[in-house]
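Note sheet for the following structure.
The values are calculated or read from the model by the stated rules, or taken from the named source; none is laboratory data. Note that the structure is a prediction, hence the values are computed from the model and not measured. As a convention, Cβ positions derive from the backbone with ideal geometry for all residues, glycine included, and neighbour counts pool all protein chains shown. We work out accessible area using only protein heavy atoms, side chains counted, and drop any ligands, DNA or RNA first. Shrake-Rupley method; radii C 1.70, N 1.55, O 1.52, S 1.80 Å.
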Amino acid sequence: MSNKTYNADLSRRHFFSKAAAAAGMAVAPGVFLRQVHARPAEQAATSEHRWGILIDTNKCAKGCDSCVTACMDENGWGRADASEDKSSPHQKAQWIRKVTVKDKQTGHVQSLPLMCQHCENPPCVDVCPTGASMKRADGIVLVDKHICIGCRYCMMACPYKARSFVHEDLEDQKVVAPRGKGTVESCTMCVHRVDKDGTPACVEACNADNHNAMYFGDLKDPNSEISRQLTEYGGEELRADLGLNTGVRYQGL
């Protein structure tokens, strides 16, 4: 390495170290910059975090499917993966879907998004014979497409019907969300975004439309927005009786 290259490298390091220091400084009275570090790609996920999503059903607009569209666009599923013919035995993929819930006693109707609930004790993982269904240390439940044999035991075990089977040949797949014919898939909580300190596409889209019905964050961090919301307003699990301790919670049910 030449002295010129070496000095340039030192200059860049000096610049970034200064920038990092500045990230803790106030830019205006009461306003601070916060430096955020993405987890290095070679570093495994840890149990120091547990990522979750909180959904306020009172703010979830009936007829709005921004979260679904955003997930499709981000992960490349659902556009032409299956026949539009409703009589077809091949169901379209549904990483996230809007469902309508009606209280039989009061008649009250609610609309809410439903996806993999990222359970602490996921039934899908328990029944998988190959280990393809797995839960990361940070709570995100995934499917390893390399070892999934398409037995669909996980689909039968999921009480939320959150998983889909890929029947068709696939084209134009997203690099960040590889899929495979003959395998099972479901919401990944946009893990490729989370690992870069990002936010799931569904949450981002909901907030961009000013519905603000979805919160994402670290459930183990008492200072995170999702934890503050849960502490102040509470949140319920779907099928709490199953004891799965889901990473997705709902308000207003």
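In order along the range 189-200, the Karplus-derived 3J(HN,Hα) couplings, from 6.51 cos²θ - 1.76 cosθ + 1.60 at θ = phi - 60°, round to 6, 6, 4, 5, 7, 4, 5, 10, 6, x, 10, x Hz, and Gly and Pro are given as x. Applying 1/(1 + (r/R0)^6) with R0 = 30 Å to the Cβ-Cβ distance of Lys181 and Glu120, what FRET efficiency is obtained, to the nearest 0.05? That gives a FRET efficiency of 0.45. Averaged per residue, the range 184-253 has 46 square angstrom of accessible surface, using a 1.4 angstrom probe with ligands and nucleic acids left out. Rounded to the nearest 0.05, the FRET efficiency derived from the C-beta distance between Met134 and Asn212 at R0 = 51 Å is 0.95.
Pairwise over distinct Cα atoms, reciprocal of the mean inverse distance: report the Kirkwood radius of the range 116-169 in Å, one decimal place. It works out to 11.3 Å. For Gln251, the residues 5 or more places off, or on other chains, whose built amide H falls under 5 Å of its own are Ile55, Asp56, Thr57, Glu236.
For the range 178-239, carbon and sulfur atoms together expose 46% of the accessible surface, with a 1.4 angstrom probe and every protein chain in place. In the assembled protein chains, Lys135 presents an accessible area of approximately 80 Å² (probe radius 1.4 Å).
3J(HN,Hα) along the range 131-144, derived from phi through the Karplus expression 6.51 cos²θ - 1.76 cosθ + 1.60 where θ = phi - 60°, amounts to x, 5, 7, 8, 10, 6, 4, 8, x, 7, 9, 9, 10, 7 Hz, with x in place of Gly and Pro. Give me the net charge for the shell around Lys98: Cβ to Cβ below 15 angstrom, other residues only, Lys and Arg +1, Asp and Glu -1. Around Lys98, the surrounding residues sum to +3. Over the range 157-253, the hull volume per residue, using the convex hull of the C-alpha atoms, is 144 Å³. Distance between the 7 Å Cα→Cβ label points at Gln173 and Ala240: 3.9 nm.
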